[in-house]
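The values are calculated or read from the model by the stated rules, or taken from the named source; none is laboratory data. Being a predicted model, the structure only gives us computed values, none of them experimental. Glycine gets a Cβ as well: all are built from the backbone with ideal geometry, and neighbour counts include every protein chain shown. The accessibility values were calculated without ligands, DNA or RNA, using every heavy atom of the protein model including side chains. Shrake-Rupley method; radii C 1.70, N 1.55, O 1.52, S 1.80 Å.
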Amino acid sequence: LNVTEENFVLDTLAGCIEYKSLLDVVVNAFFVRDGKYCLISERNLYIVICYLATFQLEEVGLQHFSRIVKSLDTAKMQKFLRFFFNTLYLNTWIKDEWSQFYDSLYVKEKWIDPLLRWQPRVQQLIEQLTDKLSNRTTTIKTSTVTQPEEFNLTVPKPRAIPIPLPIPVLEKRQHVPPSTYKPPKEKKQLEEIKRKNRRKAEVTVDRNSLRAAIQPVPYPLSSPSIKSMSLQFRDKNVVRESVKCFAQVQIDNIPIKLNAAAILREGALYQRKMEQELKRIENLLQGAGDPSEFLEWQKQMRGKDMEEQLAEIECRRLQGKLSHEEAVLAHQNVIQENKKKADLMREEKAEMMHQYAEKRLQEKKEMRELVEQVVEGHKNAKQAKIKLQKYKKQIVQEVCEGNRELLRQALEEEEEKLRKRYELIQQIRAIESLPSLRHKFVDLTETGGHGLICEMSIVELRERLALLREAQKAAEEEKRDQIIHEKQAKEQLLLDKLDQISLFRAELGRAAALKQEEKKRKSQSGERPMKDDRILNLQKKIVEKTMERKKQAGLL
């Protein structure tokens, strides 16, 4: 670049940095409103154009500014200038945002009023860009087509036909033996052995389950109520029912590996249940009432409440389905109304397009007259431009001479600093080259001689550390023995809890089997409840709405 262009670029860069806060307000708002689909990498381009239009338009001139704008992308510049030179935006939010950084009176006089004065002339530039966009035509360059010419090549001699090679005869392969497709005999023998072992295991399991059902249940407490319960479990009828339901209970009682926490938790649960049962039996012996009737009544009431809740849920589901059918009908009605509105809008659009075409023709005539007036004004602006360039060259020469003097002074100061630093390094190296005594004899039996009460020599310190290590080892051995004893006691406690849990599980399994049989008998004897009247009415309404929706869809 020459000196004038370089100074213009540097001034523009310095101005963009100085007024960055003001320019960011306009550019950020442009990206939010009109420039949603513009690239963020073009942000600096809009900042420079905004700076030139706000601070340099009077100095640069509209002609030079127009050349800069027209050298860039027409659509982007037209969109940004139309946004920035909007009179409403300049008088409202742009003025308010800039007043947060500078005084409002200063902003109005220095920036807003000049922009409003330039707005009619810039609006003409925007209309020129708009016409350029509307009249843009893609010109296809036609190039001369190259005509190919044939090469003058020598004609090759015809090749001799090669003698065909004899086809090799393949050897006959052996057939696959039939044993490949048959399973081996060993597999059948293993399956037969597995089947026999399974039958034996089933027979032994049935015998063990019958024996366990007939044996008395051991209880740890010796109470008359507990003995009566054990006699009750040995009744023949209970044994017969438990043998019938053994297959179902066996499926539920799958063995699970328990850890220590689970064993203690389950043991505490069973212990708490046993205490509650003992307390209930003692209350019965003392004359307290049996709450079984109340529990049965409570169970019936809960069953009725559950049926009512299920009926209410079914009603809500059917009401939702009914509202869906009504919404579909309403949607179909809306579609018909939208079709009518669309036809009316098409007619209005055709009429508006006709009016717009007439308006565009009138604007083009006015623009041609305005262009002729602008060309006459440009001829008078060339002389003013030449005077301005001479004045700027004189200022640049004065600034360059001042910069040279400052550079010379800075170089002299830097040389003085380097000379002093070099002398300091020489002195440090001379001091380091002097010899020094580095060996020192140490007696480990002597103290430091600092005059402290707790002072000791290194030998004494080592002896005391050895004594502390021996004492620490003895404490660790004692702690290890204690942990082993505690672990053994805990394992014994877990084994006792496991025995107790297995007894309780067996009894709970028998009780669950009896309860399941009783529940089956009740479910077979019971009758299915009738449906609610509300549900039947809602189902009828849904069927009617569905038929109406299908008729409406057929009409559409």
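Observations on the structure shown:
- Note on the stretch 3-135: lysine pairs with Cα distance below 15 Å, sequence gap of 8 or more or different chains, count 8.
- Separation in nanometres of the label points that stand 7 Å from Cα toward Cβ, at residue 399 and residue 96: 3.9
- Cα-based shape type of the stretch 3-135, given that a ≥ b ≥ c are square roots of the gyration tensor eigenvalues and the cut on a/c is 1.5: rounded
- Net charge, residue 548 excluded, C-beta distance under 15 Å - Lys, Arg +1, Asp, Glu -1: +4
- Under 23 Å from residue 304, Cα to Cα: lysines that are on another chain or at least 8 residues apart: 515, 519, 520, 522, 531
- Using 0.36 nm per residue and subtracting the Cα-Cα separation, the extra length available between residue 332 and residue 544 on full extension is 74.6 nm.
- Per-residue Karplus couplings for the stretch 107-122, computed as 6.51 cos²θ - 1.76 cosθ + 1.60 with θ equal to phi - 60°, are listed in order as 4, 5, 6, 8, 10, 5, 4, x, 5, 5, 5, 7, 4, x, 6, 5 Hz, Gly and Pro entered as x.
- For residue 433, the solvent-accessible surface computed with a 1.4 Å probe is close to 90 Å², ligands and nucleic acids excluded.
- Largest-first ordering by accessible area, 1.4 Å probe, given options 64, 450, 354: 450, 354, 64
- 13 Å beta-carbon shell around residue 61, net charge (K/R +1, D/E -1): +3
- FRET efficiency, 1/(1 + (r/R0)^6) with R0 41 Å, evaluated for residue 354 and residue 317 via beta carbons: 0.15
- Euclidean distance between Cα centres, the stretch 11-28 to the stretch 444-516, Å: 73
- Positive-end residue, the stretch 3-135 charge dipole about Cα centroid, Cβ charges, pick of 28, 66, 133: 133
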